[in-house]
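These notes are about the structure you will find just below.
The values are calculated or read from the model by the stated rules, or taken from the named source; none is laboratory data. Model, not experiment: these values are computed from the prediction. Counting neighbours? That spans all protein chains shown, and the Cβs are built from the backbone with ideal geometry, glycine included. These area figures cover heavy atoms from the full protein model, side chains too; ligands, DNA and RNA do not enter into them. Shrake-Rupley method; radii C 1.70, N 1.55, O 1.52, S 1.80 Å.
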Amino acid sequence: MTKILNKFKRRKKLDLLLCGLTWLFAVITFAILLFLIGHILVKGLPYVKPSLFELTYNSKNVSLLPALITTVLVVALSLLIAVPLGVFAAIYLVEYAKRGSRFVKLVRMMTETLAGIPSIIYGIFGSIFFVVWLGWGKSLLAGSCTLAIMILPLVIRSTEESLKSVPDSYREGSFGLGAGRLRTVFKIVLPAAGPGILAGVILSVGRIVGETAALIYTLGNSPIMTNGLFASGRTLSLHMYSLAGESLYTGQAYATAVILLIVVIFINMLSGLLAKRIVKN
């Protein structure tokens, strides 16, 4: 009896220790996040002026509006290419391919490998394939296609895990009512997996918005408003990188960081609302 009590006490102490460490690391993480946000706001808010949002960029106003519009276009084009491909690939792997087959294992291994490749490698590939070989030049389309390839593994894996989390009883019940596999997937399984898929899309948007290395080689770094799919431009992250590198517009670079932070928060809030609507429906 004494041994059991001592063992119970040791486990309780260990649980308390682990709980304390968890809280400690959570507080440290939250404090770092608050420090970063506070630092950006303190440094950037004084430079957030109407001149930053003029339609035409010049060396006096260093307007970020062209970069903001280009960012929205890059995000939209990249998701338009990557999300359908990733979702349908995941549907095939989970719903149609034989579970545990060599082909499925090979695809998963390749997907995980692609997810770990540095973004600069994607940039070099995009520069060789899209910019030079296809002759698109440094353009909106070349940059978006490169980013679509970059986020494709993330979309596939998040969708695949979301589809796996849907209980098989949903599928069996649908089949029992006479529905085919295609109807079951699109009417039963996908809506149930919607929040998880949307979470992967949110992470993809975050990676697109914060990307610089791959876009330098494919999108270019033109500060003016892009006027077509084959025109060069710059995103907010590239705009901030360029201003900070010149050392003349450090304040404006922090202001761009403030706007970038607001954009990311807005996208996350919008995605959260969409996820709630999907769950309710």
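For TYR254, the requirement of being aromatic (Phe, Trp, Tyr) and surrounded by fewer than 22 Cβ atoms within 10 Å (Cβ to Cβ) is not met. Counting only residues that are more than 12 Å from LEU147 (Cβ to Cβ), in contact (Cβ under 8 Å) with a residue 24 or more places away in the chain and of a type outside the set (A, V, I, L, M), segment 66-107 holds 5 of them. Condition first: among the charged types (D, E, K, R) and either in a loop (DSSP other than H, G, I, E, B) or under 29 Å from LEU243 (Cα atoms) (or both). Can you find one or more residues in segment 23-44 that meet it? Yes; the residues of segment 23-44 include at least one that is among the charged types (D, E, K, R) and either in a loop (DSSP other than H, G, I, E, B) or under 29 Å from LEU243 (Cα atoms) (or both). Just for segment 109-138: of the residues that are hydroxyl-bearing (Ser, Thr, Tyr) and under 17 Å from THR212 (Cβ atoms), which one is surrounded by the most Cβ atoms within 10 Å (Cβ to Cβ)? Ranking the qualifying residues of segment 109-138, first place goes to TYR122. Scanning segment 216-238 for residues that are out of contact with any Pro (no Cβ under 8 Å at 6 or more places or on another chain) and assigned to a loop (DSSP other than H, G, I, E, B) gives LEU219, GLY220, ASN221, SER222, ASN227, GLY228, LEU229, PHE230, ALA231, SER232, THR235.
Listed here are the residues, each with its yes/no results for (1) farther than 30 Å from ILE156 by Cβ; (2) open to solvent by 40 Å² or more (accessible area, probe 1.4 Å).
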residue	(1), (2)
LYS187	no, yes
PRO195	no, yes
SER204	no, no
ILE208	no, no
ILE216	no, yes
MET225	yes, yes
SER237	no, no
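Among the numbered conditions (1) within 14 Å of GLY143 (Cβ to Cβ); (2) under 21 Å from the mean Cα position of the chain (by Cα), the only one that MET269 does not meet is (1). For segment 76-108, a residue qualifies if it is open to solvent by 40 Å² or more (accessible area, probe 1.4 Å) and not aliphatic (A, V, I, L, M), and the qualifying residues are PRO84, PHE88, TYR92, TYR96, LYS98, ARG99, GLY100, ARG102, PHE103, LYS105, ARG108.
Restricting GLY137, GLY143 to residues that are touching a residue at least 12 places away in the same chain (Cβ under 8 Å), outside any helix (DSSP H, G or I) and within 30 Å of ASN221 (Cα to Cα) narrows the list to GLY137. Looking across segment 78-122, the residues that are of a type in the set (S, T, N, Q) and in a helix (DSSP H, G or I) come down to SER78, THR111, THR113, SER119. Would you confirm whether any residue within segment 176-184 is surrounded by fewer than 21 Cβ atoms within 10 Å (Cβ to Cβ) and at pLDDT 85 or above? No, there is no match, as no residue in segment 176-184 is surrounded by fewer than 21 Cβ atoms within 10 Å (Cβ to Cβ) and at pLDDT 85 or above. When segment 50-64 is limited to residues that are free of Cβ contacts under 8 Å to residues at least 40 places away in the same chain and not hydroxyl-bearing (Ser, Thr, Tyr), the one that is least open to solvent (accessible area, probe 1.4 Å) turns out to be ASN61.
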